[in-house]
């Protein structure tokens, strides 16, 4: 279904906007980033049949969110999916040959937030990365999207028997390009904590190593927030979370190569491993968390 069609040339055309997103402006204006500009225009050429009527204006000011919708759509197209995009309901609907829905995808690119838990850009060259605060932004974004999913259900816009995916991009969160160990995605949704090593006191030989369990964290106010939501029914509506922090140093030709898919062990409608191809995947086996890559 084609909702809107607009010229490819419009992607980097100036408008009456007075404040552009800094990454959009850099790609538009820098000769050094000409390759990224060309790749974005090529992406737009494939994506524009699925774009809503606000896309061309909003990508100039809300670049990461709108880029992520385009990148996720192209990742699905690269996987051979047939797609539909509507102005109501989820951002992307994967369909069969008869236009019947198979899977719903909603995209989100959270920012640093507001209020006491807001993550600010660092004002010095050396800084501490607030991984715990960034994890809270992930969780807040996914939980808000689950609320929207339930509203769509109540309004009869979607089918509760089909998988629902929330694609998460952390690039608009300050300092999120610096990853943690284990990755924040694993900490947020599987409750995995810090690494540990147990040594023999006499020989210093490694007796055991692994990761601790961490099922709660705290906001700056002190209020407790649960972790490990993919091991409980808290997010059972969510089948998986494809994750990336894009773009960083370049615009990838195939966004799947930069994605990690976190599968929900307790999902009501789970997805099979390898469903999108060419992406890393994380899942819980019932006894441990595993990760693999597809190519």
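The values are calculated or read from the model by the stated rules, or taken from the named source; none is laboratory data. Here the structure is a predicted model, which means the values were calculated and not measured. FYI the Cβ positions are ideal-geometry reconstructions off the backbone, even for glycines, and counts take in every protein chain you see.
Scanning the range 153-181 for residues that are surrounded by fewer than 17 Cβ atoms within 10 Å (Cβ to Cβ) and closer than 25 Å to residue 120 by Cα returns 177, 178, 179, 180, 181. Only one of the numbered conditions (1) under 15 Å from residue 251 (Cα atoms); (2) modelled with pLDDT under 90 is not met by residue 12, and that is (1).
Kindly indicate whether any position in the range 184-200 is under 25 Å from residue 269 (Cβ atoms), in contact (Cβ under 8 Å) with a residue 40 or more places away in the chain and out of contact with any helix residue (DSSP H, G or I) (no Cβ under 9 Å at 6 or more places or on another chain). The answer is yes, given that some residue of the range 184-200 is under 25 Å from residue 269 (Cβ atoms), in contact (Cβ under 8 Å) with a residue 40 or more places away in the chain and out of contact with any helix residue (DSSP H, G or I) (no Cβ under 9 Å at 6 or more places or on another chain). Taken over the range 65-107, the criterion of being under 19 Å from residue 168 (Cα atoms) and in a loop (DSSP other than H, G, I, E, B) is satisfied by 79, 85, 89, 90, 91.
Being at pLDDT below 95 and either surrounded by 13 or more Cβ atoms within 10 Å (Cβ to Cβ) or on the phi < 0 side of the Ramachandran plot (or both): is that true of residue 120 here? For residue 120, the condition - at pLDDT below 95 and either surrounded by 13 or more Cβ atoms within 10 Å (Cβ to Cβ) or on the phi < 0 side of the Ramachandran plot (or both) - is met. Number of residues in the range 211-259 that are more than 16 Å from residue 183 (Cβ to Cβ) and not in a strand (DSSP E or B): the value is 25. The conditions of being touching a residue at least 60 places away in the same chain (Cβ under 8 Å) and surrounded by fewer than 14 Cβ atoms within 10 Å (Cβ to Cβ) are not met by residue 206. Put simply, of 23, 64 the only residue that is closer than 18 Å to residue 250 by Cβ, under 20 Å from the mean Cα position of the chain (by Cα) and modelled with pLDDT under 95 is 23.
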